[in-house]
Structures are given as C-alpha cells and as structure tokens.
Amino acid sequence: MATTLMITGGTVYDGTGSAGRHADVAVEGDRVVQVAPPGQLPEAPGARVLDATGLAVVPGFVNVLSHAWGSLQQDGAGTSDLLQGVTTQVFGEAFSLGPGNDDVRDMVGALAGGHESSDVRLVFERLADGLDHLESKGVAQNVASFVGGHNLRVLGAAFDDRPLTAAELDRLVGLMREEMQDGALGIGTALIYPPGNYASTDELVAVCGPVGEHGGTYVSHLRSEGDELLECLDELLLIGERAGCRAEVYHLKAAGPRNWPKMAAAIERIQAARDAGRAVGANMYPYTAGGTALAACIPPRFHDGGPDALAARLADPVVRREISTAMRTETGGGFENLFLAASEGEGIGLSSGQRLPEVARDLGLAPTDALLELVARDPETPATYFLMDEANVELGLAQPWVSLGSDAEACAAVPPHTDEPTHPRTYGTFARFLGHYVRDRGVTTFADAVRRLTSLPCDELGLSGRGRLTPGSYADIVVLDPVTVGDHATYDDPHRYSTGVHHVVVNGEPVVTDGVVLGARPGRRLRRG
C-alpha cells in the first residue's frame, strides 16, 4: 500500500517519554510506516498532507475513565474529548454496556441517569456486543471497556445487600472468564455506591480470578477516599495480590480537609508496592471537585432493595429523619460520608449555581433535610463536591505512574447537552493537565506528560500496538501546540471547548483538521492484548 497520509514539519514526541525531535511522519492505511528527519520521506503522490510546522506531533491520548458509552451513540464524534486529542475511550467504572439483563437495565436508568431510547442502547447481554454496537453506529474514537462491578453485582443478587451464594458466585466467575477471553480489560468497581458497595473483599477476589488469569486489571473507585482511604487502598492491593492481577485506583484523591494529609501517605503506599514488584497504578482528573449524584450522600443500607426501596424510605417521615441523622453523624464502616467530607454541605454545589446551604435556607430546612427533599423530588439530582486540596492535586499529577481520565461523557457543546449541568472536566481534563499543570505549574515535562496520556495506559491496559508514534504502530496521532493548549470550561460555565489541538488522526484517518471536527468515524472496538 502506498503512503496515504503525511504529517510534516512538526516535533515528534513518540510517547515513550523521550525528548521531541524534528521529523515527518508517513502513514499507510491505519499504520505508521516511517518517522524520518524533515524532507527525507519518499515522494507520496496523492497522499494527504497535514502541516505541523511549529507544533508537537504525539500519539493519540487515552481517556482511561470515560462515561461516554451513551453520548457516543447520540453523536459519535465525542467532540469535547476529540478536541483535546483523545483517540481512545475506556469505559467501565461501575457500569458497562454488558453483561446485562433487565435488572441491569433498570439499574442503569435509575443510578446512572441513562435511559434507553430509539437511538441509545445502554445494556447488552455481553460487553462485546455493546462495544461492537458502538463501532457499527460509527465513532470517531476507539472504544474499550472494563466489566462494570455494578453489572456483576446485579446479575448475581439484583439490588439486595447480601452475600452471593456459591452458585451465584460460580456463575459470575464463569461469565468473567468468557468476557476476558473476548477482550475485556478487567473489572471496574465503584465501591462507594450501592449495589457495588455490597460486594465483599472475598467476592471481589473471586470474580477477579479470571482477570488475573488473562493479564487484566482490577480498577476501583475505593470504598473510601477519605476517612478510610488508606485502609481501602490496602483492600485494593490485597485484591490485586490474591487475584494475581494488576490493580489501579480510579481518580486518586484524599477527600475532605481532615483527610488531606493522607494523600502523601497513599502515594507512598502505592510507590512501595511498585518498588516491591507489584503491578499497581492510579489515574486522576485535574480538579479539586468531584461530581456525582446527590443521593450518594445517603448511607448504603437505605439503598438496599434498589431505587424504589429508597424512594419508599424517603416517603416515610420517620425513616427520613433516621437518614438525616445518619448523614450528620455516621462515617466509616463502609460508608463514605460525602456530606461531612464536603464541610457539612458547604462544599456541595447544585446545578442552580447555589451551594446546598443556600438551597436549604430557601426551603426553610436543615441542610441534610434539604438534600433528602431534593433527592425525593429527583433521585438523579447531580451535585459537585468540593473535597480536594490543590496541593494534593499537583502532588498526584506529578507521579510518573498516574494516567488521566475525565470521569465524564464526551459530547458537543450544543443542545441538548448544554441544557444539562456537567463538570468542567467533561471539556477540559486533558488540556488542563497539559496547559495549566504541565506548562504553567511544571508538575512534569511535556514529553513525560505525553507518555502518561499514551504509552503508559496502553501498556498497562494491554492495548497492543497503540500509545506510541513509531513504525508499525496504529496511526492514532495528535498535532497540538504545547504553548497554547488549554482548558476554558469552568464550574459556572462548563460547556466550553478546550483549544490548542490542530489535527487528530484515528486509525490513519483524519477526524479533526485545523481545529474543525470532520464527519469521519474510523474508531474501533479494542480488545485487551
């Protein structure tokens, strides 16, 4: 095959962490075939040429924590991420497109705010079916996924807070073995939330057995990122050790001011495990606030039985008072009290632009009672939780084993998306890392930052042939300006694109040129290994 694409005049950073070098890049079909000094590539009549003069040429970025499995079915461009250079989306924190059944479908609708329609399917019998569906609809970026821990828990015990029977556990282990054989990356849990929260350590070790057998990863939003952060980090390390699999922390943080000193200790504990030869890592988003449902402030035992059971409890004045008291007083024991971590609600922001105490005053209620009233009216009410310390964000982003994930969907800044509240990380995660934290704050070098967005996640997740800009690699390529790349989304005005990315190529086909998103949809479903 003749050369189909040339990228000329740029400085190539190959994704390994090596310094950039002036070079031109030649692509044939979906592969890089040559990286050569300027002017030394053979003539290529008919090849498309992208001008990278004065710009950096890097491998495509991997979003290791994406929730774009629904939004990409509505618009396969994934514009908010694409304009930041993301060429691969990785799903699976708690929820995944499969394996599933009707109970899983109900859970996704109630807990993830995802509702199926004529153009969006959120649950498939198998994970591979869901990823193949995305590819067949047409996506600009590649897609890969973990199996969601919530999926497994609901397939085993519906919404019930109880141990799995031996037969139920055996069935899930068998199902995971099949999913791993079909290319799943591993298992992704969110142990702060029910029903995933109901899984014991032993249960998680068992279902991760096939993950270890096939060289996959167990990645988790820990049971606690605050009062029991270190203990829950130890649980993750134990699961990885007993299951024989790699372990990773989702969005590493220390939540709540009294827990901020634990961030350094958590990093030291991960580094010690790595120094001992353990396969463990972490990912982050570069913000001091997280985002999740307001209902996450309610202790897990009140969620037992599912969303309908919670609604019934909230409708009972006696039980509602019991929940309110628990939110003001309880912590630990498997419950991450986000209300207390967010300074007793002072750090909880709502889509109205108000903080929870302001809404409480308007309603004439105490903050916990106002929160429960909002959840009773709309169980899917989103909230922004200001929990983290800026110095800790910089400390985490400075670690060479930390990759990046948006923890968000990927969408265009147009209605209906702009009619809904979102976190600025939806539009700014990768550009903010490269601009504010790398260029302006100097948490690492540009070359190392590129490595951590490319070859690091690809190598650790088993995405073979990707993450490097070398002959033979898949041609996922980004051309950007390190001097100007930056985010513009804010908490008050989150639907704003990042800037600084000029061209994006996926599997050898341009999907962004001169900052303009094209109609091409060359993304593929990726399998581990």
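Read-outs throughout are calculated quantities, based only on the coordinates presented, and are distinct from any laboratory measurement. Not measured: the values here are computed from a predicted model. Backbone-built Cβ (ideal geometry, glycine too); neighbour counts: all protein chains shown.
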Checklist entry - What fraction of the DSSP beta bridges in the chain is antiparallel, stated in percent and rounded to the nearest 5? => result 50
Next on the checklist: How high is the relative contact order of region 294-385? Use alpha-carbon pairs under 8 Å, at least six apart in sequence, and give a whole percent.
Outcome noted: 33
Item to check | Helix 166-181 axis, angle to the chain major axis (alpha carbon atoms, nearest 10°) | outcome: 10
Checklist outcome for this item: Charge tally for neighbours of residue 15 with beta carbon under 12 Å away, counting Lys, Arg as +1 and Asp, Glu as -1, is 0
Item to check | Convex hull projection area averaged over all views, region 52-96, Cα basis, nm² | outcome: 3.6
Next on the checklist: If you scale each eigenvalue of the Cα gyration tensor by 5 and take the root, what three semi-axes come out for region 116-184, rounded to whole angstrom and sorted largest first?
Outcome noted: 26, 15, 8
Next on the checklist: Can you give me the Kirkwood hydrodynamic radius for region 294-385, using every pair of distinct Cα atoms, in Å to one decimal?
Outcome noted: 13.0
Checklist entry - Counting only residues 5 or more places away or on other chains, whose amide H sits under 5 Å from the amide H of residue 464 once H atoms are built in the peptide plane? => result 529
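For residue 344 and residue 22, what does the FRET efficiency come to when R0 = 56 Å and r is the distance between their Cβ atoms, rounded to the nearest 0.05?
Values: r = 56 Å, r/R0 = 0.99.
About 0.50, to the nearest 0.05.
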Checklist entry - Once the Cα atoms of helix 367-377 and of the chain are each reduced to a long axis, what angle between those two axes, in degrees from 0 to 90 to the nearest 10, is obtained? => result 80
Item to check | Placed amide H near residue 403: partners under 5 Å, 5+ positions off or other chain | outcome: 282, 283, 284
Checklist outcome for this item: Counting only DSSP beta bridges fully inside region 1-138, the antiparallel percentage to nearest 5 is 55
Item to check | Fraction of the pair-distance distribution of region 437-500 above 18 Å, Cα-Cα pairs, percent | outcome: 51
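With all distinct Cα pairs included, what does the Kirkwood hydrodynamic radius of region 30-112 come out to in Å, to one decimal, could you say?
Values: mean 1/r = 0.0603 Å⁻¹.
The answer is 16.6 Å.
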Checklist outcome for this item: Taking a crude spin-label model, label points 7 Å out from Cα along the C-beta direction, the residue 361 to residue 278 distance in nm is 4.7
Checklist entry - Which ³J(HN,Hα) values, rounded to whole Hz and listed in residue order, are derived for region 112-122 from phi using the Karplus coefficients 6.51, -1.76 and 1.60 in 6.51 cos²θ - 1.76 cosθ + 1.60 with θ = phi - 60°, glycine and proline given as x? => result 9, x, x, 10, 6, 8, 5, 10, 9, 10, 10
Checklist entry - Counting Lys +1, Arg +1, Asp -1, Glu -1, what net charge surrounds residue 495 among other residues with beta carbon under 10 Å of its beta carbon? => result -2
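Taking every pair of Cα atoms in region 134-269, average 1/r, invert it to obtain the Kirkwood radius, and report Rg/Rh to two decimals.
Values: Rg = 15.6 Å, Rh = 15.6 Å.
That ratio is 1.00, to two decimals.
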Item to check | Environment charge at residue 405 (Cβ cut-off 11 Å; Lys +1, Arg +1, Asp -1, Glu -1) | outcome: -3
Item to check | Relative contact order computed over the chain (Cα-Cα under 8 Å; 6+ residues apart), in percent | outcome: 22
Checklist entry - Across 10 Å bins from the origin, how do the percents of Cα pairs in the chain run, short distances first? => result 4, 20, 30, 27, 14, 4, 1, 0
Item to check | In degrees, nearest ten, helix 229-243 long axis to first principal axis of the chain (Cα) | outcome: 70
